[in-house]
1. Rg (Å, one decimal) plus Dmax (Å, integer) for the alpha carbons of the range 22-230?
2. Put +1 on the Cβ of each Lys and Arg and -1 on the Cβ of each Asp and Glu in the range 22-230; which of 139, 96, 164 then has its Cα farthest toward the positive end of the dipole?
3. Need one number: nm distance between label points at residue 187 and residue 422, each 7 Å from Cα along Cα→Cβ, rounded to one decimal.
4. Compute the long axis of helix 48-59 from its Cα atoms, compare it with the longest principal axis of the Cα atoms of the chain, and write down the angle in degrees, 0 to 90, nearest 10.
5. I need the calculated FRET efficiency for the pair residue 79 and residue 409, taking r as the beta carbon distance and R₀ as 41 Å, to the nearest 0.05.
6. Using only Cα atoms, tell me the angle between helix 235-247 and the longest principal axis of the chain; keep it within 0 to 90° and round to the nearest 10.
7. Once label points are set 7 Å from the Cα along Cα→Cβ at both residue 152 and residue 328, what is their separation, rounded to one decimal in nm?
8. Residue-wise, which Karplus ³J(HN,Hα) couplings in Hz belong to the range 335-346, taking 6.51 cos²θ - 1.76 cosθ + 1.60, θ = phi - 60°, and x for glycine or proline?
Amino acid sequence: MERFRVVGGARLVGEVRVPGAKNSVLKLMAAALLAPGTTTIREVPEILDVQIMGELLQRLGCTVQRDADAAAVCITVPEQPGHQADYDLVRRMRASICVLGPLVARCGAADVARPGGDAIGSRPLDFHVDGLERLGATVETEHGFIVAKAPQGLVGAPIWLDFPSVGATENLLMAAVLARGTTTIDNAAREPEIVDLAVMLTQMGARIGGIGTSTLEVEGVDALHPVDHATVPDRIIAGTWAIAAAMTRGDVTVRHARAEHLEIALDKLATAGAEVARLPDGFRVSMDRRPRAVDVVTLPYPGFPTDLQPMVLGLNAVAEGSAMVTENVYEARFMFVDELARLGADVRTDGHHAVVRGRERLSGAPVRATDIRAGAGLVVAGLVADGVTTVSDSHHIDRGYPGFDAQLRALGADVTREPDPDDFAG
Ligand code: UD1
C-alpha cells in the first residue's frame, strides 16, 4: 500500500490534459454488450476500474483488448453473452451494476451481485429495479444477486424516477433501447456522461429523443451494431484542476476539457476571485489573491457536482470569510470533514450542511483517503498546508485520477508516492 506525500506551499502553474471520464467510459463499455461484434472506445483513462470492467466483460464471454498507447479499448461481444456478474467484481467496483440493463435487454436475463455498503452513504438500487419491472422484467434478490428475467423480451413503458439518478437513468436507457415499443424516462438525470452514452447508443442505431433533457423518449429497435466512439472529457478531473489552481493562487490551463460542463463550478471560482478564461479546447484559471468564501449547494447536473464537494470545502477552508456547503446527493459525504479538520480546517456539519470558516493556511498532517474524491480533495488541501501532509489509501485516488502525482509535479508541486508505514496488512 502506498500513500501520497505532499509538501505544502505549492503554486500550480502550467498546462494539463484531461482524460476521458471514468463515469462515462464504464457505461460505454457496458453498452458495448448491446451489439454483437467489435466496439472500439477511445479516450479511455488508465485506471483500475476500466480493467475491472474489462474483466467483467471477459467473464461474460467478450474479448477485451486494451491499447494503452492509443488510449483505446476494443470489445468483441459474442452472439450469446453470459449473464452473470459475480460479487468479487461488483465488490471491487460498484459501477459493475451498469451491466444489469444491457444484459436483460440482450439476453432476457441477468444475475448481478448486489453491491454492499459504501463510504459515501447508502446507495440503494430501487430505481434500477422498479424501472426494469416497469419494462416487464421480474426482479428478485436471491443469494446476494439481483436476478432479473424477461424471457419474452422487455416492453417499452413510461418510467418516472423519484430522483434523477445517474446510474438508474443509464441502466434503464440501455434496457429500453432494445425493448419493444416506446419508453419514456421522466425526471431522468442529464449529466454529460449520460449524453455521451445516449450519443453512442444513437450511433449504434438506437432511437432516443430528448437527449440532454430530463425526459428521454426511446423507441425500441430490434438490434444494434458496434461503433467507434470517443469518451467525453472528465469534468470532475477538469474541475479539480480548476479549484486547485484557484486554491494555490496558481495559473493552470486545462486542455481537452469542456467549460460548458462546469458552468456553475467555474462561476463559483470567478466569485471567489479567480480569473477564468474559456479556450477552444478547455479553459484557464488563474488567481493572484486569497480566495473569497463561496456558498455551494450540490445538486444533480447542471447543479454543482457532488464529486467536487470535497475540493470546494478545501477552497473555503483557506478562503477569506465563511461559507455554507450543502450536500444534497450523498448523505455521508461529509465523513471527509474529519480528515480535513486534521489539517486545521474549521468546519462544522449539521445534517447535510457544512459551515466553513476560512483560515489563512492549513497545517500538514497524516490523513486518510476515504473515497476517490475525498482523497483528491485532501491532496489538494495538502498543497496549501504548512509542512508535509501524507494521504494514506492512495489507491482510492488512483481510481479517479490517473497519474495525479506526476501531473501535480509537472505543475510545480512537490508530491510523491511512498510506502505506507501504517499499512500493517502490507
Ligand atoms: C454516479 C457517479 C458518482 C456521482 C453520482 C452523482 C458513476 C460510476 N458514479 O453514481 O461519481 O457522485 O453519480 O452525481 O457514474 N438513489 C436511490 N435509488 C436508486 C439509485 C440512486 O435512492 O435506485 C439515490 C442515491 O442514494 C443517491 C442519489 O440517488 O443519493 C444519486 O445517486 P446516483 O445518481 O444513482 O449515483 P450513481 O449513479 O451511483
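No value in this document is a laboratory result; all are computed from the given coordinates. Model, not experiment: these values are computed from the prediction. Quick reminder, even Gly has a Cβ in these numbers, built from the backbone with ideal geometry, and neighbours come from all protein chains shown.
1. Answer for the range 22-230, Rg first and Dmax second: 15.3, 43 Å.
2. 139
3. Between residue 187 and residue 422, the simple spin-label model gives 4.1 nm.
4. 10
5. 0.30
6. 10
7. Going by the 7 Å Cα→Cβ label model, 4.1 nm.
8. Calculated HN-Hα couplings, in order: 3, 5, 4, 5, 6, 5, 5, 5, 8, x, 5, 9 Hz.
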